[in-house]
Amino acid sequence: MASDGDPPVLAGAQNAWDMLSEEQSQKHITTGSGNINNILGGGIHCKEVTEIGGVPGVGKTQLGIQLAINVQIPVEYGGLGGKAVYIDTEGSFMVERVYQIAEGCISDILEHFPHSHEKSSSGQRKLQPEHFLADIFYFRICSYTEQIAVINYLEKFLGEHKDVRIVIIDSVTFHFRQDFDDLALRTRVLSGLSLKLMKIAKAYNLAVVLLNQVTTKFTEGSFQLTLALGDSWSHSCTNRLILYWNGNERYAYLDKSPSLPVASAPYAVTGKGVRDAVSSNCKRVRVM
Amino acid sequence: MAAAGISGCGLKRHCALADHEEKEMMKDQCGRFWNGMDLLKDVTENKHFLPTGLEGIDTLLGGGLRQGQVTEITGPSSSGKTQVCLHSASYVAARHMGAVMYLDTSNSFSPSRIANITDELPISLVQEPRHVRLKRAMSSIICESVFDIFALFEVLHRLELSLLNDKVNNVGSKVCLLIIDSISSLLAPIIGGKYLQVQVTNHMVSAGNGALKPALGESWKAVPHVRLVIFRDHGSNICTATVLKHTLMASGRPMKFVVPS
């Protein structure tokens, strides 16, 4: 198919021009907060691995759950209409909260599309919190070997469930902090995991979101907060979002991206889920 | 022919060869030799450079990436390594210098960023509308994702075959730049071909005492011909690059450059 002037394309490769039109037609997964969507270039990207890190309590799990719900927003309302895989390593997935966030998402859709009940009854039927919960595939992981096993199993699982559009691991760090005495082994295992996740994201055209914890590191003469799992892990994602506190407000900072500049955006965690920060005097919201 | 069973770098003798046959075969196998003056002439006159398009880096490298050399770019996370790769690919493609093969291990190849960079490049002497130039340039950048070392070996093998078979070809479509971003993800040695410039990125890992050093260890140090370290100032577009190793220029000189947004 390549004409004489074009370079020979090896099987499996694509040229950048073809990839451009594919990339421009990609839909992104909304985070619930317009400000965060803007710094991410529309939302969480499919075919990429995004790492989200932050101190405990800043809202990582809330954002993870929000994404598991938002990926399911039907296509006719501007979403991907996909399903979610949620891999829980810490036990922080609270089902009642997920139900609450699903309700919040549905009420926002109906607010934006007030005439939806006129359009199609099947669309209306889909908008029940029960359906949103039914389309989240939940794995509970209790050790690092289970974590490796589930990621290996994912390829087979995704081949059978082709409508999954997001895989969330909450958190990727937990089981790798306690048991590992051999740090070199840990680095090898983690870099193997990250390559597998990259491959899955690309092959099945889905978003992989990894939640990470923070730790302290001694650099330049003082202790600083940094993401866990070390320097070698910091290269294992395509994008990185860091959630932090600025006084009483929550902020998201885009730390790494191949195509977007670094930027910060404020956000809030409300009863309905992750949303834009309303005013500069947001109180620190304790969820449930 | 008596030379059945030649494999790898050794010669297997299957039956006794006549003296002159043996000499002919050995000469074919070990290739031609050069004398010192030929080498100097090749280095000084046949200066085939591929600029990256980023002024500071090109100055540090004495013109750009050199033909037949491996250039390594190393730096901590988010310091600009992928941006240097994307800039090189865009510049080379836009200037008709040849095709670019981009091997991506972390799904960081961004076509929209390439389009962005290509559009920002100064208008070339050839009068052509922007979208035509964009299409032509982007069609000569080929991207392939590799996620393990065996896939990398296979891609490199196919590339080598296609380069050997395409000896007589117009300049525009022959691969002249191979970019691997990033090799430390795959932990592998790579080939530096005679007609190819190779640019790789590498990670930085802890060296103890809070310092950072390039990954892949002591044995990798000798492989690239040129090594650059990049650091990015926090929260800005200004990066500092320092030469760790270079065949012609002194190392240790830092240079600031800006990654345009």
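Rundown of residues vs (1) at pLDDT below 90; (2) over 21 Å from A:Ser25 (Cβ atoms); (3) buried (at least 23 other Cβ atoms within 10 Å of the Cβ), yes/no style:
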site: B:Leu61; (1), (2), (3): yes, yes, yes
site: B:Leu65; (1), (2), (3): yes, yes, yes
site: B:Gly75; (1), (2), (3): yes, yes, yes
site: B:Cys85; (1), (2), (3): no, yes, yes
site: B:Ile123; (1), (2), (3): yes, yes, no
site: B:Val126; (1), (2), (3): yes, yes, no
site: B:Ile142; (1), (2), (3): no, no, yes
site: B:Asp148; (1), (2), (3): yes, yes, no
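With the requirement that a residue be more than 22 Å from B:Ile238 (Cβ to Cβ), over 15 Å from the mean Cα position of the chain (by Cα) and in a helix (DSSP H, G or I), what does the stretch B:70-113 give you? Hits for the stretch B:70-113 are B:Ala94, B:Pro111, B:Ser112. Among the conditions (1) within 16 Å of the chain's Cα centre (by Cα); (2) crowded, with 17+ Cβ neighbours inside 10 Å, A:Tyr138 misses just one, which is (2).
From the list A:Lys199, A:Lys217, exactly one residue is over 28 Å from A:Tyr267 (Cβ atoms) and either within 14 Å of another protein chain (Cβ to nearest Cβ) or in a strand (DSSP E or B) (or both). Which is it? Let's see the steps before the verdict.
Details: A:Lys217 fails: over 28 Å from A:Tyr267 (Cβ atoms).
Within the list A:Lys199, A:Lys217, the selection yields A:Lys199.
The set of residues from the stretch A:220-243 being more than 8 Å from chain B (Cβ to nearest Cβ), buried (at least 17 other Cβ atoms within 10 Å of the Cβ) and at positive phi comprises just one member, A:Leu229. For the stretch A:36-84, the tally of residues that are within 9 Å of the chain's Cα centre (by Cα) and assigned to a loop (DSSP other than H, G, I, E, B) stands at 1. Across the stretch A:24-58, the number of residues qualifying as in contact (Cβ under 8 Å) with a residue 24 or more places away in the chain, out of contact with any strand residue (DSSP E or B) (no Cβ under 7 Å at 6 or more places or on another chain) and surrounded by fewer than 19 Cβ atoms within 10 Å (Cβ to Cβ) comes to 4. Is it true that some residue in the stretch A:88-96 is polar (S, T, N, Q), modelled with pLDDT under 95 and surrounded by fewer than 17 Cβ atoms within 10 Å (Cβ to Cβ)? For the stretch A:88-96, residues polar (S, T, N, Q), modelled with pLDDT under 95 and surrounded by fewer than 17 Cβ atoms within 10 Å (Cβ to Cβ): absent.
Filter the stretch A:244-258 for residues that are buried (at least 23 other Cβ atoms within 10 Å of the Cβ) and within 27 Å of A:Ile200 (Cβ to Cβ); which is farthest from the other protein chains (Cβ to nearest Cβ)? Before the answer, list the steps.
Within the stretch A:244-258, the first condition is being buried (at least 23 other Cβ atoms within 10 Å of the Cβ), and the residues that meet it are A:250, A:252, A:257.
Subset that is within 27 Å of A:Ile200 (Cβ to Cβ): A:252, A:257.
Working: A:Ala252: 14, A:Ser257: 8 Å.
So the residue we want is A:Ala252.
Would it be correct to say that A:Ser21 is surrounded by fewer than 16 Cβ atoms within 10 Å (Cβ to Cβ), modelled with pLDDT under 95, more than 17 Å from A:Ala207 (Cβ to Cβ) and within 13 Å of chain B (Cβ to nearest Cβ)?
Numbers: surrounded by fewer than 16 Cβ atoms within 10 Å (Cβ to Cβ): yes; modelled with pLDDT under 95: yes; more than 17 Å from A:Ala207 (Cβ to Cβ): yes; within 13 Å of chain B (Cβ to nearest Cβ): yes.
Yes; evaluated as a whole, the condition is true for this residue.
For the stretch A:264-280: of the residues being loosely packed, with under 15 Cβ neighbours inside 10 Å and out of contact with any Ser or Thr (no Cβ under 9 Å at 6 or more places or on another chain), which is nearest to A:Thr61 (Cα to Cα)? My answer is A:Gly271.
Any chance you could count how many residues in the stretch A:199-242 are small (Gly, Ala, Ser) and over 18 Å from the mean Cα position of the chain (by Cα)? Show your work before the answer.
Keep residues of the stretch A:199-242 that are small (Gly, Ala, Ser), which gives A:201, A:203, A:207, A:221-222, A:228, A:230, A:232, A:234, A:236.
Next, only the ones that are over 18 Å from the mean Cα position of the chain (by Cα) stay: A:221-222, A:230, A:232.
Qualifying residue count, the stretch A:199-242: 4.
Taking every residue in the stretch B:229-243 that is among the aromatic types (Phe, Trp, Tyr) and pairing it with any residue that is assigned to a strand (DSSP E or B), at least 6 positions away or on another chain, the pairs with Cβ-Cβ distances below 7 Å are B:Phe231/B:Gly75; B:Phe231/B:Cys239; B:Phe231/B:Thr240. Among the conditions (1) surrounded by fewer than 15 Cβ atoms within 10 Å (Cβ to Cβ); (2) among the polar types (S, T, N, Q); (3) at pLDDT below 65, the only one that B:Thr247 does not satisfy is (3).
The values are calculated or read from the model by the stated rules, or taken from the named source; none is laboratory data. On a predicted model such as this, the values are computed, not experimentally measured, just so you know. Quick reminder, even Gly has a Cβ in these numbers, built from the backbone with ideal geometry, and neighbours come from all protein chains shown.
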